[in-house]
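Below: the structure, in structure tokens.
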Amino acid sequence: MAPEMRVSIVERLRNIDRRVIFVLVAAAVIIPLLHPLGLPLKSSPPSSSLYREIENLGPGSVVLMAFDYDPATDVELGPMSLALLKHCFSRGHKVVSLALWPMGASLARASFAQTAEEFGAKYGVDYVNLGFKAGGIVVIDSLGKSIHESFPKDVDGTPLEELPLMRNINSYADIDFVLGLSAGDPGLPFWIMIAQGRYGKKVGGGCTAVSAPMLYPYYPNQLLGLLGGMKGAAEYELLIEAKGSATKGMDAQSIAHALIVLFVIIGNLFYFMGRSREKRGGQI
Amino acid sequence: MRREIPLIITFVCGITMIIQFFIPHWPFSDVKSYFQHTYMIIAAFAMILGICNLTRLHIFKIRDRRENWGYSIVLLVGLAIMAIPGLFQGIHEGTMFEFLFKNAHVPMNSTMFSLLAFFVASASYRAFRARTFDAALLLIAGFAVMLGRAPIGDTLTSFMPEGWQMSDLANWIMAFPNTAGQRAIMMGSGLGIVATSLRVILGIERSYLGGE
Amino acid sequence: MRNLSSGRSSYSYWLSVHVLALFLALLISGECSAVATPTSGIRPGAPINPSVKDRPNDEGGAIEITWEASFDDTRGRGIVRSYSILRSTEAVSGFEKVGEVDSGRGRYLFVDDGVENGKRHFYKLVSQTSSGAISEPCIIGPISASAQWFHSERWNMLIALIIVSASVLTFISMARKGRDLYIRPIAGLQAVDEAVGRATEMGRPVLYIPGILDMDDVQTIAGVAILGRVARKTAEYETPLTVPVSRSVVMSAAQETVKEAYWDVGKPDAFHPEMVRYLTDDQFGFAAGVDGIMLREKPATVFFQGAFYAESLILAETGHSIGAVQIAGTAMTSQLPFFVTACDYTLIGEELFAAGAYLTEDPRLLGSLKGQDVAKGLAIVFILIGIILETAGFHWLTEFLTVN
Amino acid sequence: MTADIGTWLAAFLTLCIFSFLYKDNPFYKFAEHLFVGISAGYWLCYHFWNTVKPNLYDNLVEKGEWQYLLPLFLGICMLLRLFSKIGWFSRWAIAFMIGSGAGIMIITYLQSNFLEQIKSTLVSLDPAGSSWTQVANNSLLFIGVVTGLVYFFFSKAHTGITGGVARVGVVFLMICFGASFGYTVMARISLLIGRMYFLLHNWLGVV
């Protein structure tokens, strides 16, 4: 190949239309979703320990599940909520959900709708959605006194007294495990601080990949288990042997990572090739 | 009057907020949340100003038939179909507001957010280059963390002993050099914020009131 | 002020309590846990060494109850499921439950924050098993809650505040008196004039984004301050300026600032309030809107000065795609890498706050920068001394720096 | 393929926004303007139902807490901007926000960005108490923080010793930027997967 031609190819690749990159990124995500590769996945210790904790609760235990996120992070936390609910229902646990984020209540509703039927769980008997309440840490603290006072009605406006499950549940004392799914503030750190720190409850949960490093220091002493980002959700799906959207997403995640690393390498390669030509006085 | 009263208000509010941190006794115990409520309420009223500004700009655009004026109609319609039911019907489940939030706002919001994946890729290709020594360091650190955070990193370095693999390198970078750098930036900008706030409270920095 | 706030001062009250309370207290306090008489099921041991005190450094209304695990807690025979805390204004009767804490720890702390200030209270503490058997009660008190006038654990903050403020204010006053202060050049700021000039030559507008947070954030204040200087330049050169904002209050402040700049330069007619445009409070709605403005108005120069989150890269990459010169500045550490890689110049952290001072060359602002340097120097000295002390095994400095 | 009208709307708008990646086009312009309009409407209602109603109306009218007349007054001051002659009243409200914001910032940042950070840097360099790698890592942390701080000195030119030390500081800053960059890449990809999954699963039903 003539050196001039090589220069022009290198030069063209150096200043490649970024839309080519966009197409490759899209392909790296779409193709693995359509045709899963089944790359091996193993669960990390924080995920496994959360699984063990839920597994070891006696049947009929009450799990308080906090939906502290909104639709923007549903992609990471939604699959976690489904996997955790499936696990709880399959073990015969009762689930009480609430939300410290306004949109969390309807996300909880959607997650229950996708899981309850499969396990024959009935609203009001096996699970209850208390809905949203503003106030963050204050709400978490008030549950130690009385859930009925903080949430007199459920998400649909039904008084709690009319829900059989809630007749015997009134404070942390009646709850066996607190699961927090959190996208930020208010979220898991507050549950750890109050429910675990002050009331001695067992606390575990999930968070977005971005906030995982902030929460790792709490594991395993204050936080009994943690699912970090979509990978954490996929690990939990693996543990309960029910593959869902997170598992499907994992292949895409690996391929996309590899692609970006490749971009960095190629970008630098062409950069240096172009530069060495420059030094020799070639045309840019 | 136009200049002095705002400066006095800034000073009094600033000092009060500082004092409340040191005095747990009433009335200072309630000051923080009261002030927070107050400025949330001011911001909510200011929202009306913003909406007026937005509406006026686009009404003018339509009136003057400026370029792309048709899209201004789309914007105003979007605003109206969200705000009118939202204000009168409420924002709970089952309302028009909630339908639009779920099926228009959320998908557009998430899609805008997900554009970042594409931009991260193009920035990696275009700008993540070892042009200088500094840039090379940035690149190497980024590379190590990117690889170390995905299963692929450890696969590539599986010949290394336990504790010396890619994920360990990533963890080490996050824990030490990264923390040190972050901390220096945090301390510097923390001081910058403290000094700027001090100048604001004392009325030395007053550009927000218009001019020096 | 702090009557009854500690166990020791409550001792004097102890003597004056009702005779029956004294009797009960003597009977149970201390080793009230040792008794474990079986009634219905096995009766668990009571909590050990219970004590109460007024919660320190608060506005009153709260009492702290502490105790150690019963012998039958999970560490012992493992039958205690939880501890109940009951409160009354009398020593023998009228107890009402105020809380319950799960077992499984060595030491316990419960805060009862529903107490009236200055009123005497007694507490009853019992441990209970899952079958419902309860221990002998421990009755403690009396105790009353009170408010404090100074937070005794915040001396460190007060001292730090005084030191930092003093060094900043001293140099401001020195600068005011005409003392010459050297300030090193910062690359991004020297480029400001050039960047505005470029837009003028190309006949394209300048786009200025003062972050996405509200006016109560100092980064926004710094961003609006720099906007003032940039607006003077665009007024001088008669270059169009567009300022999209995502908060209405920022819109008002930015309008005032730009208007003032145009008046100062003597070009009031060139100012239009529409230069500052409110888009939406929404993070990505704002990003979408700004992207649209960039693509259609094709600014030659883009400034990002203020607080930015994830939208930083969306904006910076779009700005790059239209070939604009981009000058960014933020103290958001998570977004700095994106600005550093995608923009031409980036003001890192503290440089954003210094920028206002640079561009005006107002001696008072320069003095404040010098004061910040002194504070940084002190921080370095502190770190050096602290590390020597830590290495030598003394931890008091580290403890002193802990803020509660 | 779904028959749900909401999902169709969401899918259409998703594709409109994605079309931006190709170039600016009528679909993107449509979605962008709709998005700005809808989100402005959303935040207006959000502030009304989550701030004005509970914090102002309920406190003032329902509970009769007269101290909430002040926020009402300042809010009205803000609105006076609509009338250019008395628009300067709005400065009172702005001054309130800026003043109280600055006060709270001084405290927050002095604590979290200054004292706490100094404290976390006070690590032991005693090899007797910890391993040599620990001592090396701790020294690195300490050197990074101090040299990074020196970089931010404004009143000293970056020449001579100061220049050398600041140079080391820059090394740490660059590593820190690289690490944050690499770290964020991962989180961003998940978002894209989420959107693609929505299109392929919820809308088209092919996955």
* What FRET efficiency comes out for the pair A:S146/C:N49, r = Cβ-Cβ distance, R0 = 30 Å, nearest 0.05? -> 0.55
* **Cα extents of the stretch D:131-207 along the three principal axes, largest first (Å)** => 65, 37, 12
* Asked: About its Cα centre, how strong a charge dipole does chain B have in debye, to the nearest 20, once Lys and Arg get +1 and Asp and Glu get -1 at the Cβ?
  -> 780
* List the residues whose amide H sits under 5 Å from the amide H of A:W101, counting only those 5 or more places along or on another chain, with H placed 1.01 Å from N in the peptide plane. => A:Y69
* **Fraction of antiparallel bridges per DSSP, chain C only, in percent to nearest 5** => 60
* **For C:219-231, mean number of other protein chain Cβ atoms within 10 Å** => 4
* Enter the Cα centre distance for the pair the stretch C:292-307 and the stretch B:33-104, rounded to the nearest angstrom. => 23
* **Antiparallel DSSP beta bridges within chain A, percent to nearest 5** => 5
* Express in % the proportion of alpha carbon pairs of the stretch B:1-119 at distances exceeding 24 Å. => 58
* To do: Mind ranking C:94-103, A:95-104, D:133-142, C:348-357 by how tightly packed they are, going by the mean number of other C-beta atoms within 10 angstrom, highest first?
  => C:348-357, A:95-104, C:94-103, D:133-142
* To do: For the stretch D:131-207, with all protein chains present and a 1.4 Å probe, just round the carbon and sulfur fraction of the accessible area to a whole percent.
  => 69
* Can you give the Rg to Rh ratio for the protein assembly as shown, taking only C-alpha atoms and Rh from Kirkwood? -> 0.97
* Structure fact -> Result for interface chain D to chain B, accessible surface buried in total, 1.4 Å probe, Å² to 100, stands at 10100
* Structure fact -> Per the charge dipole of chain C (beta-carbon charges, Lys/Arg positive, Asp/Glu negative, Cα centre), the residue among C:I42, C:G349, C:Q128 reaching farthest to the positive end is C:I42
* Can you give the average number of partner chain beta-carbon atoms within 10 Å of each beta-carbon in peptide C:363-369, as a whole number? -> 4
* Structure fact -> For C:K177, counting only lysines whose alpha-carbon sits under 22 Å away and dropping same-chain residues fewer than eight positions off, the answer is C:K370, D:K156
* Simple Cβ-charge dipole of the protein assembly as shown, Lys/Arg +1 and Asp/Glu -1, about Cα centre, in debye nearest 20 -> 1940
* To do: Report, to the nearest whole %, how much of the accessible area of the stretch C:243-347 belongs to carbon and sulfur atoms, 1.4 Å probe, protein only.
  => 49
* **Dimensions in Å of chain C - Rg and Dmax from alpha carbons** => 32.0, 94
* Which parts of the stretch C:296-318, residue by residue, lose 10 Å² or more of accessible area when the rest of the protein chains are there, as against the chain isolated (1.4 Å probe)? -> C:R296, C:A310, C:L313, C:I314, C:E317, C:T318
* Value of D in µm² per second that Stokes-Einstein yields for the stretch C:183-361, Kirkwood Rh from Cα pairs, at 4 °C (1.567 mPa s) -> 83
* In Å, what is the Rg of the alpha-carbon atoms in chain D, and how long is Dmax? -> 27.1, 74
* **Helix-only mean residue ellipticity at 222 nm for chain D, each DSSP H run of n ≥ 4 adding -39500 (n - 2.57), per residue, nearest 500** => -21500 deg cm²/dmol
* To do: Summarise the partner chain shielding of C:377-383 as one whole number: the mean count of Cβ atoms from other chains within 10 Å of each residue's Cβ.
  => 6
* To do: For the protein assembly as shown, report the accessible area per residue in Å² (1.4 Å probe, heavy atoms, rounded to an integer).
  => 39
* To do: Let me have the 222 nm mean residue ellipticity of chain C computed from DSSP H runs of 4+ only, each contributing -39500 (n - 2.57), with the sum over all residues rounded to the nearest 500.
  => -13500 deg cm²/dmol
* To do: Set the Förster radius R0 to 30 Å, insert the Cβ-Cβ distance between D:L82 and B:T95 as r into 1/(1 + (r/R0)^6), and round the FRET efficiency to 0.05.
  => 0.55
* Asked: Which three extents, in whole angstrom, do the alpha-carbon atoms of the stretch A:45-243 cover along their principal axes, largest first?
  -> 40, 35, 32
* How much net charge surrounds D:M97 when only the other residues with a Cβ under 12 Å from the Cβ of D:M97 are counted, with Lys and Arg +1 and Asp and Glu -1? -> -1
* Asked: Residue-wise, which Karplus ³J(HN,Hα) couplings in Hz belong to the stretch D:145-155, taking 6.51 cos²θ - 1.76 cosθ + 1.60, θ = phi - 60°, and x for glycine or proline?
  -> 5, 5, 5, x, 5, 4, 4, 7, 5, 9, 8
* To do: Using Cα positions and a limit of under 17 Å, work out the lysines in reach of A:K243, with same-chain residues fewer than 8 apart set aside.
  => A:K42, A:K86, A:K231
* Hey, what angle do you get for helix B:69-89 against the long axis of chain B, alpha-carbon based, 0 to 90 degrees rounded to 10? -> 80
* Using per-residue counts of other Cβ atoms within 10 Å, averaged over each peptide, order C:198-206, D:3-11 from highest down. => C:198-206, D:3-11
* Asked: Tally Lys/Arg at +1 and Asp/Glu at -1 over every other residue whose Cβ is under 10 Å from the Cβ of C:G188; what's the total?
  -> -2
* Among bridges DSSP assigns within the protein assembly as shown, what percent are antiparallel (round to 5)? -> 40
* What angle, in degrees between 0 and 90 and rounded to the nearest 10, separates the Cα long axis of helix A:245-279 from the longest principal axis of the Cα atoms of chain A? -> 30
* Asked: Put +1 on the Cβ of every Lys and Arg and -1 on every Asp and Glu Cβ in the stretch B:1-149; which of B:A43, B:M17, B:A104 then has its Cα farthest towards the positive end of the dipole?
  -> B:A104
* Set of lysines near D:K53 by C-alpha distance (under 29 Å), chain-local residues within fewer than 8 positions excluded -> A:K133, A:K145, A:K153, B:K32, B:K102, D:K63
* Asked: Three principal axis extents, largest first, for the C-alpha atoms of the stretch A:148-284, in Å?
  -> 84, 31, 29
* Asked: If one computes the Cα centroid of the stretch C:131-192 and of the stretch C:55-107, what distance in Å separates the two points?
  -> 34
* **Among C:302-311, A:197-206, D:111-120, the order from most to least packed when residues are scored by Cβ within 10 Å on average** => C:302-311, A:197-206, D:111-120
* For the stretch A:110-185, build the charge dipole from Cβ charges (+1 Lys, Arg; -1 Asp, Glu) around the Cα centre, then report which of A:Y127, A:N168, A:S146 sits farthest towards its positive end. => A:S146
* Quick one: putting +1 on the C-beta of Lys and Arg, -1 on the C-beta of Asp and Glu, what dipole do you get for chain C around its Cα centre, in Debye to the nearest 20? -> 920
* To do: Compute the long axis of helix C:19-28 from its Cα atoms, compare it with the longest principal axis of the Cα atoms of chain C, and write down the angle in degrees, 0 to 90, nearest 10.
  => 80
* Lys and Arg at +1, Asp and Glu at -1: add these up for the other residues within a Cβ distance under 13 Å of A:A116 and post the number. => +1
* Kirkwood Rh in Å, taken over all unlike Cα pairs in chain B -> 23.9
* Residues whose placed amide H lies under 5 Å from that of A:G180, excluding near-sequence neighbours -> A:A66, A:G204, A:G205, A:G206
* Asked: In deg cm²/dmol, rounded to 500, what helix-only [θ] at 222 nm does chain B give when every DSSP H run of at least 4 residues adds -39500 (n - 2.57) and the total is split over its residues?
  -> -25500 deg cm²/dmol
* To do: Please report, as a whole percent, how much of the solvent-accessible surface of the stretch A:1-124 comes from carbon and sulfur atoms (probe radius 1.4 Å).
  => 60
* Asked: Long-range amide H contacts for C:I42: which residues qualify at under 5 Å (H placed 1.01 Å from N, peptide plane, sequence gap of 5 or more or a different chain)?
  -> none
* Protein heavy-atom accessible area occluded, D/A pair - total, 1.4 Å probe, Å² -> 2100
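The values are calculated or read from the model by the stated rules, or taken from the named source; none is laboratory data. What you see is a predicted model, and the numbers here were worked out from it, not measured in a lab. All Cβ positions, even for glycine, are placed from backbone atoms using ideal geometry, and neighbour counts span all protein chains on display. Accessible surface areas use protein heavy atoms only, side chains included; no ligands, DNA or RNA. Shrake-Rupley method; radii C 1.70, N 1.55, O 1.52, S 1.80 Å.
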